[in-house]
1. Given the residues CYS62, CYS96, which is the only one that is in a loop (DSSP other than H, G, I, E, B), surrounded by 13 or more Cβ atoms within 10 Å (Cβ to Cβ) and either out of contact with any helix residue (DSSP H, G or I) (no Cβ under 6 Å at 6 or more places or on another chain) or on the phi > 0 side of the Ramachandran plot (or both)?
2. Restricting to segment 35-49, count the residues that are of a type in the set (S, T, N, Q), over 15 Å from GLN94 (Cα atoms) and modelled with pLDDT of 80 or more.
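The values are calculated or read from the model by the stated rules, or taken from the named source; none is laboratory data. Bear in mind that the values here come from a model prediction, so they are computed numbers and not experimental data. Here the Cβ positions follow ideal geometry from the backbone for every residue, glycine too, while neighbour counts run over all protein chains shown.
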Amino acid sequence: MDEKKITIFLISLGMILIVITGILIFSFNEKEGLTGRVVNEYTHTRAVCDENNLCQDYKIACQGEKLIDIKPTGFIVQNPEDWEDPRSKDEISQWCNASE
């Protein structure tokens, strides 16, 4: 009887360790892989305005300062005729900025 209890205990312990190991493996931060390297990927939205002050919002995906993807969000604003974009020319022209 004692041998059977020990066997059940060891099997239970093994199963618990397998579950804990699985949880630890899948609970890594999504930006940090098993190699430990941090991937500098991020998204943000940005308004793109034309000469008529019609601005459309875009979802911008970046890796560091490299543009990966750009998709319209569907949000559009028509600003008044005398409206001026408060952003600097550098802010307007740079899609990805790691310091954002």
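1. Going through CYS62, CYS96 in turn, just one is in a loop (DSSP other than H, G, I, E, B), surrounded by 13 or more Cβ atoms within 10 Å (Cβ to Cβ) and either out of contact with any helix residue (DSSP H, G or I) (no Cβ under 6 Å at 6 or more places or on another chain) or on the phi > 0 side of the Ramachandran plot (or both): CYS96.
2. 1
Results for (1) outside the structural domain of ASN97 (by TED's automatic domain parsing); (2) at pLDDT below 90; (3) farther than 12 Å from CYS96 by Cβ, shown as yes or no for each residue.
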| residue | (1), (2), (3) |
| --- | --- |
| PHE26 | yes, yes, yes |
| GLY33 | yes, yes, yes |
| GLU51 | no, no, yes |
| CYS62 | no, no, no |
| ILE68 | no, no, no |
| PRO72 | no, no, yes |
| VAL77 | no, no, yes |
| PRO80 | no, no, yes |
| GLU84 | no, no, yes |
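A quick yes/no check of all residues on (1) among the charged types (D, E, K, R); (2) in contact with a Phe, Trp or Tyr (Cβ under 8 Å, 6 or more places away or on another chain):
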position: GLY64; (1), (2): no, no
position: LEU67; (1), (2): no, yes
position: ILE70; (1), (2): no, yes
position: PHE75; (1), (2): no, no
position: ASP82; (1), (2): yes, no
position: ASP85; (1), (2): yes, no
position: SER88; (1), (2): no, no
position: GLN94; (1), (2): no, no
